[in-house]
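Novice: Input: one structure, supplied below.
The values are calculated or read from the model by the stated rules, or taken from the named source; none is laboratory data. Keep in mind the model is a prediction, meaning the values are calculated, not measured. Methodologically, a virtual Cβ is constructed for each residue, glycine included, from the backbone with ideal geometry; neighbour enumeration extends over all protein chains shown. Please note that ligands, DNA and RNA were not included when accessible areas were found on the heavy atoms of the full protein model with its side chains. Shrake-Rupley method; radii C 1.70, N 1.55, O 1.52, S 1.80 Å.
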Amino acid sequence: MLLDLHSHSIYSDGTLTPEDLILKAKEKNLSIYSITDHDNIDAQKEAIDFARKYNVKYITGLEISTKFKNMFDILGYNISLDNEDLNNALKKVQDFRKNRNKLMIEKLNSLGFDITLDEVINEADGDVVGRPHFARVLLKKGYVKDRDEAFNKYLGDGKIAHIPKEKILPEEAVKLIKNAGGFPVIAHPKYLKLSYTELKDLILKLKEFGLWGIEVYYPKHSNSEIKMFRDLALETGLYITAGSDFHGANKPDVDLGMNINDELLQESIEILKR
C-alpha cells in the first residue's frame, strides 16, 4: 500500500506548496495522503481544494510539538479546521514563534552575524518562518559551510542562538485533537528514547485523554523498532500509521510516500478514510 501521513509544506518547514505536494502525491498514486505542518493548519484548506481538483484521497492533518524531556510530537488527522479551541491554542504558539524569531535574530547579531529578520522572512518566501530559513541565510552569507553546521553550532536545541519553542503538554495536545473530531497519533516514537515499559506506560496514560494511534512506519525506524512499536500497538489497543516526514529540499534524503504491506495498517487507513 502506497501512502504518506506525515509531510510538511511551506507553511511550516517544508519547501513545497500544498499544490506541489498534492501533485506529487498524485504522481506517486498514494492511496491516502496528509500534510501535517508543525503547530498550524494554514495549508489545509488549500490542500483540500487541490486534492479535489486532482482527485487525491486527502485527510486533514497537523503535528503539534509538546513539552517533554525529549522530542515528542503528536500528529492529528481528520481534524475540524474550524474548531475554536484548537485554533486558539495554535494561535498562541504562532504568536510566541514570531517573538522567538526576533530573539534569535538578536542572539545571532550579538555573535557578530549581520542578518536581519526581513532576510529570514524573504528566505521563507513570506510563509511560516522556522530554523531552516535561518540556516539558509547563514549559509548564503558564508557564515556556515552547510545546514548541519548552522544547527550543530548555532540553531540546534540547546545551542547558543536557540530559543526554545512554546509547547503544550502531550495530554493537552491529544485532547485538542480529539475534541476537534480528530485522531491523535504519537509521531516518530523512536525520538522519545523510551524503553518498551516506559513507552507502554505513557501510551496508557495518553489513551485516557483520547490517544488513537502510533506512527510505527517511519524512515528512521529500524526493523527492531518497527517490531517494538507494532507490538506495543497490539498490546495497548492502538492503531498504527506510516509517514515519511517529507520536507522537500530541507530533508533531501527523504522522498514522499511509503510502500507498506501490513494488515494492521490497512485497518487503520480504512478508519481514517471514512
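Novice: Compute, for Leu2, the solvent-accessible surface of its heavy atoms (probe 1.4 Å) with the complete set of protein chains present, and express it in square angstrom to the nearest 10.
Specialist: 70 Å²
Novice: Let me ask something additional. If I compute solvent accessible area with a 1.4 Å probe over the protein chains, what percent of it on the chain is carbon and sulfur?
Specialist: Summing carbon and sulfur atoms, their accessible area is 48 percent of the total for the chain.
Novice: I've got another one for you. Greater than 27 Å separation of Cα atoms is the criterion. Which listed pairs, Lys69/Lys273; Lys153/Lys200; Lys102/Lys159; Lys53/Lys98; Lys53/Lys140; Lys28/Lys205, meet it? Don't jump to the answer; show the numbers that get you there.
Specialist: On the way: Lys69/Lys273 34 Å; Lys153/Lys200 35 Å; Lys102/Lys159 16 Å; Lys53/Lys98 33 Å; Lys53/Lys140 37 Å; Lys28/Lys205 37 Å.
Correct reply: Lys69/Lys273; Lys153/Lys200; Lys53/Lys98; Lys53/Lys140; Lys28/Lys205.
Novice: Counting Lys and Arg as +1 and Asp and Glu as -1, each charge on the Cβ, what is the dipole of the chain about the Cα centre in debye, to the nearest 20?
Specialist: 420 debye
Novice: Please report, in Å, the Rg and the Dmax of the range 143-274, where both are computed over Cα atoms only.
Specialist: Values for the range 143-274 (Cα only, Rg and Dmax): 16.8, 50 Å.
Novice: If you build a Gaussian network model of the chain, linking Cα atoms that sit under 10 Å apart, which residue out of Lys107, Lys140, Lys178 swings the most?
Specialist: Lys140
Novice: What does the charge add up to near Ser110, with Lys and Arg as +1, Asp and Glu as -1, over the other residues with Cβ less than 15 Å from its Cβ?
Specialist: +2
Novice: Under the definition of Cα pairs under 8 Å and six or more residues apart, what whole-number percent is the relative contact order of the chain?
Specialist: Here the relative contact order equals 24 percent.
Novice: Taking only protein heavy atoms and a 1.4 Å probe, what accessible area per residue, in Å², does the chain have with all protein chains in place?
Specialist: Numbers: 12600 Å² over 274 residues.
About 46 Å² of surface per residue is accessible.
Novice: Specify which labelled value, from (i) 34.6, 142; (ii) 22.7, 75; (iii) 18.4, 55, agrees with Rg and Dmax of the Cα atoms in Å derived from the coordinates of the model shown.
Specialist: Correct label is (iii).
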